[in-house]
Amino acid sequence: MQRRFRQVCTALREHSSVRYAKIATVGGFCSVELIIVKATAPDDLPLPEKYIQELLKIFSISPSSLREFSLSFTRRFGKTRCWRVALKCLILLHRLLRAVPEDSQFRSELLWTRSNGLMSLSQCHFRDDSSSASEDYTAFIRSYARLLDEALHCFGWIASQPTISKNITVKNMQKKKKKKKKKKKKTKKKGNLGAYQTK
């Protein structure tokens, strides 16, 4: 009976927060926190791609939104007791880590939040109260959180090594130059073919 009561309370809390976020954005008010809430709705649908693109666009326009994301993500992930919401939070973070440009401060902001004890993925205290198989979902979410924490830790270590970071940036610049050269060659070939056909 007590477990059932917790499941109902968790469902009501999560659905009401998503409903509020949708109403607020329809009214013209939009923020990073509201986008996170809408993206992590407690349903069985996959994470919508449009919210990832919206966040990437905001990050590119306003660098100050990076800290807002890290703090909003921490609140959303830290307060939820629904495995669907927690899973979508981690997937959202994972997708953004892979999608942001290499020169973005996104990872640095996450490391700042992590180092100040505001975001704890390695010692995740998540506990599911929304399903009958709560122990299994709790264990999976905690393992996934630790995986992302390890990825952030590796990035922080690489960023602290100047020789490694320099080599990475040099390699990236070389890759970009090669791509540009290939594009130029392709355009030249197309131009030559067009001139030959006119003859």
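A few remarks follow.
- Just one of the listed residues (107, 76, 114, 81) is over 18 Å from residue 149 (Cβ atoms) and either in contact with a helix residue (DSSP H, G or I) (Cβ under 8 Å, 6 or more places away or on another chain) or outside the structural domain of residue 151 (by TED's automatic domain parsing) (or both), namely 81.
- Only one entry in 45, 87, 56 is more than 20 Å from residue 133 (Cα to Cα) and surrounded by fewer than 23 Cβ atoms within 10 Å (Cβ to Cβ), namely 56.
- Of all the listed residues (149, 136), the sole one being assigned to a helix (DSSP H, G or I), modelled with pLDDT under 95 and over 24 Å from residue 45 (Cα atoms) is 149.
- Tally of residues being within 11 Å of residue 73 (Cβ to Cβ) and loosely packed, with under 15 Cβ neighbours inside 10 Å across segment 90-116: 0
The values are calculated or read from the model by the stated rules, or taken from the named source; none is laboratory data. Model, not experiment: these values are computed from the prediction. Quick reminder, even Gly has a Cβ in these numbers, built from the backbone with ideal geometry, and neighbours come from all protein chains shown.
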